[in-house]
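These notes concern the structure reproduced below.
The values are calculated or read from the model by the stated rules, or taken from the named source; none is laboratory data. What you are looking at is a predicted structure, and each value in this text was computed from that prediction instead of being measured. All Cβ positions, glycine included, derive from the backbone under ideal geometry; neighbour counts span all protein chains shown.
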Amino acid sequence: MNPERFGRMKEILLTALALPKEERAAYLDRACGEDAELRREVTELLGQKDRTAGIVKTGALENALGEAASPGPRPRMPGQVGPYRILGILGEGGMGIVYRAEQQVPVHREVALKLVRTGIDSAGAVARFESERQVLAIMDHPNIARLFDAGSEDNGRPYFVMELVRGVPITEYCRANRLEVRERVRLHLEVCRAVRHAHRRGVIHRDLKPSNVLVTMAGGQSVPKVIDFSIAKALGEPALGTEFRTRTGQVVGTLEYMSPEQAAGRVDAVDTRSDVYALGVVLYEMIAERLPYDVAGQPLPEAVRRIAEEPPSPLRGAKTTATGRVDADLHTIVNKCLEKDPDRRYGSAAELVEDLERHLDSRPILARPPSTIYQLRKLVGRHRVAFGAAALVFAFLAVFSVTLAVQLGIQRRERARAEAQARKAERVTEFLKEAFKAAREDRGYDATVKETLDAAAEKLAKGERDPEADVAIRQAIGDAYMNFGEYDKAEWLLREALEMQERRLGPAHPEVGTAHRSLAVNFLGAEKTEEAEREARRALEIHEGQRAPDPRLVALDLGVLGAIRLLKYDLDDAEPLIRRQIALYENEIRRSDQTIQELATAKETLAEVLQNGGRVGEAEVIVREVLELRRRTGGTDRTTGVAMSLDNLAYILTRQGKSVDAEPIFREALEIRRKIRGPGHPETAISLRNLGLCLRSLRRFAEAEGALREAAAIQLEALGRETPGYGSVLVELGVLHAAQDHVPEAERFTREALEIQRKVYGEEHTVVAGGLRSLGRILEAGGRYDEAEAAFRSGLAMLEEILAPDDVQISYGLASVAVFLALRGRFEEAAPLQERAVAIVERKQDKDAPERIATLGWRAFILDGLGRFAEAEALRDDCLTRTRRIFGDEHPWIASGLHARAMALRRQRRFDEALPVAREAVAMRRKLLGGDHKDLAASLLELAEILALRGDLGEARPAAREALAIWKKAPFVDPPLLARAREIAGEGENGER
Amino acid sequence: MSAPADRGTISRLLRDIHSLDEVDTDRRNQLFSAVYDELRAMARQLMRDEKAGHTLQPTALVHETFIRLVEQDGATWESRAHFFGIAARAMRQILVDHAREKAAGKRGGGLTRVSLSEAEGSEPPQAWEVLSLHGALDKLARQDARMARIAEMRIFGGLTGEETAHVLRVSPRTVDGDWSVARLWLSRELGAA
């Protein structure tokens, strides 16, 4: 044929291929006319459609490089194999050909005989089979094809003799009989039970697919049977590896049912969950009548990549002969089987059976929270990076690395250079994975990941992919940045993504709304509440404005708005938003793993709202509800969601001052985390830290130190020294020692923490400023006033440098300097600073915010110092009332307020009024802080002064002496205080009377 | 093997390529030589290894070569496609050479595991299959050069439809159409069972 004719032929052929079969003949008549040769050519080629040669099918050549020597003749059927007479061919498997054979002894019957192909470690296989013959033969289950015998030919090739199952592949059966969805599921359930039977006996199939699950008739009933079970095990791993690499047609066929870990050649990662995955694919195919991933015709690396990274095509809406609905639960079950990460699948066939049974029974399926949900502690709007988006970034950035890892999984012989490459590739991939999972601030700041992200962001700028990928990549990287606290970079990317979405879909599309929400969450993390609110409102507007609003999207928007309100301490507005969100989850949104988690989170947020509003009792009830929810749906053995809820509960109890009750709960959470995550896992460190803080508040300092040190060690080991987590534990250790007046230790820890914070966050950062404040307090406690003042002022300067002037954190900085000055009696200097602090919190925070109360309380103290007693008292009164409401009647803050009041009254010479107040302060401090706390000493001195001024030296002296006794043990005491106490006690400098 | 300097050169060469059928044959040849040498060296390495269980696929080899020869940082999606376009041809050449040597009986030892006189239908492609394919592609090229090129890239280089389309500067639809026909045509040529 010459090129012109060929070209013509090609066009006709393509058109014909696109037509339904019935219409082809007519078309060919028209197109070819009299040209018989042309028509013959086209017809021949059309006929090739179903017989494409393996070498060409996927376009990949397997083993073309190394395969064995002589070109041989076409396959022939042997007459006899062992004692079995071969009657015909049943089919081909990847491991060999399956013949129909006749068995004479001990029983005369037809059997299936699989002759294993060469290249498989035959001697080993037979030996393995022999040793396991008992187990395999005993696997007696109605849905598993029995294995009768095994042997080897003279030349060493093994064969296996199995029950002959005459049937059709299960997918075929469903389609041919037009079963409805429910029946298909029931059929699949039987198969799962069979696999469960095998799993219980420690046997993994490894090669489940429709051609290995045949439906046969027995006694008028359709019976699915799993074949090839034992052989997979007997042949062991190398066989699977070989199979994977055999003829292209075969490989793709098997590849499509392979779990990502199998496809990547990581045969050591194959376990029961790989079978679960395959079962998922089979179920998918039974229902949708197509495969979840389009790998047909793809070159091998691409096929593997798709399996490893692409999300499966949606199950619902597939064109299929199955009648009946595919409801959300079924969808969830299938997806759970198909999870890329084996940890997120059902752990074994047994769990899958259970959920299928529940589904058929119309009971709620067991929702197991994905193990990789980390929840931002501060943020309430849960934000989970879609795996699909992440996968696209993999494809973009790591396609080389992933491909290489895949290849290297296969070609295990490369050394040196290849190993280094693989390590690097795996690390990059792993780092990227971590980037997308890590969301906790305590997780650890991995600079390498950040660099990778930066590189990714840069590469983005260099070229466009297709629009959807572009958006998804930006969103994914933006989310990752956000999770690392790089809010500015994230904002930039998320905005771009938003704009692109808007251009592509129009400004009122739900996906655009979701993009607004992502931005909102980012702003929330950066505490830019105004911007966050604006974006979140827009998102809500868009989602509510749809013709058929999706309640889940609306719910998520409400969640973010609620979180914003919560951050601003706008509790009255936050509560109805969250309640509305909860109502949506409880009434309108479909229950699934994910949505149950979201509901739990929303409830937790509500609890926080209530808590902060002082309605701690109600909050506790809700937290307990959430705990129950998590326990029931998660099961304590596989989730740390329960641990988190326990943490929350314990925290609420702590806030109510019920540290004693909280302790066992913290311990329980710790145990769970230890068990599930392991003793060296960062989450365990978090629990240890919480426990440490709890014990510290109970003043069991030695135990607290133990827990905190252990937490530090774990953080150090698991995440490294220069990480926020490690830094923050050091801070707590500093506080621990400060509380015990161990000034040198406290200073050491705090300085080290500060150094780390500088390295992790940069020289100027709010966290570093906080560290400076901590250091200042410790130096102050040690009497090193000049250094302390310098530290406080540095911290403030830093905050003023990096933050907007009305940022709440600046108020902390201002307050730290002001309070320090006030305590030194430098009220005039303190006043303007504190006024500025007050101005900020009055604008930014709700009246019941503890920080605000504290700030105002100090203002009152300063007013006292300036002699403006009436103003001070009014203010202090208000603060005390609010504090009582939140913390109850007994709390160190209240004692401080009383102490200040007593002092103020004394200075106004209102001794009679001052006395009871001072007594109350002493009593409360004694009770809450213990008998040797320096604050108690201060109050005792105050009491002593008042008594002395009333002329009541008899009582005054003992009080003063007690104060002195306490101060004896302290590392440092303000000299004037000491002097005053001695005066009243009648003691000289050396304690003489 | 390639020194870092080579990688730089090759990256640069790739970067400047806009079309594989560029006039600048010098550059094209340079690239081809480099790729061919690398591929062949790697393939030899594998075949020398006695215990080799035929674990390597040509497309894997091509990927590996890409990573060795091209600086990852500068590599764009486009240059990668071009690279693979060249590598596909090189790979084909290598396979054909190898197949010829095998067929002529020069190779052996270490590769043959078990006698395949009773070869089964599901055997991997034999040397003769590679040669047949090679011949068939040549024949196809005489009738439709572009179609043959597409087939070569997909089969030997593992390129996707999109990448092929990019390299040849045609639309993906065209590539799909050609590939569909190529598959049928080659199947018939190779006498599929």
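When A:Arg615, A:Arg580, A:Arg552, A:Arg591 are checked against the criterion of being closer than 30 Å to A:Asp327 by Cβ, over 25 Å from the mean Cα position of the chain (by Cα) and surrounded by fewer than 20 Cβ atoms within 10 Å (Cβ to Cβ), a single residue qualifies: A:Arg580.
Just one residue in the set A:Asp864, A:Asp889, A:Asp912, A:Asp848 is assigned to a helix (DSSP H, G or I) and more than 17 Å from A:Phe827 (Cα to Cα); that residue is A:Asp912. Report yes if A:Glu458 is at pLDDT 85 or above, surrounded by fewer than 20 Cβ atoms within 10 Å (Cβ to Cβ), part of a helix (DSSP H, G or I) and over 25 Å from the mean Cα position of the chain (by Cα), otherwise no. Taking the combined requirement at face value, the residue does not satisfy it.
Considering the range A:1-13, the residues that are buried (at least 17 other Cβ atoms within 10 Å of the Cβ) and among the hydrophobic types (A, V, I, L, M, F, W, C) include one that is farthest from the other protein chains (Cβ to nearest Cβ), namely A:Ile12. May I ask you to verify whether B:Thr164 is at the interface with chain A (Cβ under 8 Å from one of its Cβ atoms) and among the β-branched types (Val, Ile, Thr)? Considered against the rule, which asks whether it is at the interface with chain A (Cβ under 8 Å from one of its Cβ atoms) and among the β-branched types (Val, Ile, Thr), B:Thr164 comes out as no.
In the range B:126-169, the residue that is farthest from the chain's Cα centre (by Cα) out of those that are farther than 15 Å from B:Phe83 by Cα and not in a helix (DSSP H, G or I) is B:Asp144.
Taking the numbered list (1) modelled with pLDDT of 75 or more; (2) crowded, with 17+ Cβ neighbours inside 10 Å; (3) away from every other protein chain (no Cβ under 12 Å); (4) not in a loop (DSSP other than H, G, I, E, B) in turn, A:His141 passes all entries but (4).
At least 3 residues being within 12 Å of chain B (Cβ to nearest Cβ), at pLDDT below 50 and at negative phi is the threshold, and among the helices (runs of 4 or more DSSP H) wholly inside the range A:16-81 those reaching it are A:54-57. Scanning the range B:163-189 for residues that are among the acidic types (Asp, Glu) and without any contact (Cβ under 8 Å) to a residue 60 or more places away in the chain yields B:Asp176, B:Asp178, B:Glu189. Checked against the criterion of being free of Cβ contacts under 8 Å to residues at least 60 places away in the same chain and out of contact with any Gly (no Cβ under 9 Å at 6 or more places or on another chain), the candidates A:Ala839, A:Ala831, A:Ala849 yield just one match: A:Ala839. Scan the range A:816-844 for residues that are within 24 Å of A:Arg565 (Cα to Cα) and either outside any helix (DSSP H, G or I) or modelled with pLDDT of 90 or more (or both) and jot them down. Correct list: A:Arg836, A:Ala837, A:Val838, A:Ala839.
Contact map, the range A:192-218: residues that are more than 13 Å from A:Pro142 (Cβ to Cβ) paired with residues that are basic (Lys, Arg), Cβ distance under 6 Å, separation 6+ or inter-chain. Pairs shown: A:Val203/A:Lys233; A:Leu214/A:Lys225.
For A:Phe861, the test of being surrounded by fewer than 23 Cβ atoms within 10 Å (Cβ to Cβ), over 30 Å from A:Ala619 (Cα atoms) and touching a helix residue (DSSP H, G or I) at 6+ places or on another chain (Cβ under 8 Å) is failed. Give the residues of the range A:754-782 that are over 21 Å from A:Val819 (Cβ atoms) and aliphatic (A, V, I, L, M), sorted by residue number. Of everything in the range A:754-782, those that are over 21 Å from A:Val819 (Cβ atoms) and aliphatic (A, V, I, L, M) turn out to be A:Ile756, A:Val760. Does the range A:308-327 contain any residue that is surrounded by 23 or more Cβ atoms within 10 Å (Cβ to Cβ) and either modelled with pLDDT under 80 or of a type in the set (A, V, I, L, M, F, W, C) (or both)? Within the range A:308-327, none of the residues are surrounded by 23 or more Cβ atoms within 10 Å (Cβ to Cβ) and either modelled with pLDDT under 80 or of a type in the set (A, V, I, L, M, F, W, C) (or both). Would you be able to say whether some residue in the range B:111-134 is more than 10 Å from chain A (Cβ to nearest Cβ) and either at pLDDT 70 or above or surrounded by fewer than 19 Cβ atoms within 10 Å (Cβ to Cβ) (or both)? Yes, the range B:111-134 contains a residue that is more than 10 Å from chain A (Cβ to nearest Cβ) and either at pLDDT 70 or above or surrounded by fewer than 19 Cβ atoms within 10 Å (Cβ to Cβ) (or both). All conditions in (1) outside any loop (DSSP other than H, G, I, E, B); (2) modelled with pLDDT under 90 hold for A:Leu730, with the sole exception of (2).
Checking each residue in the range A:573-593 for being in a helix (DSSP H, G or I) and in contact (Cβ under 8 Å) with a residue 40 or more places away in the chain picks out only A:Asp593.
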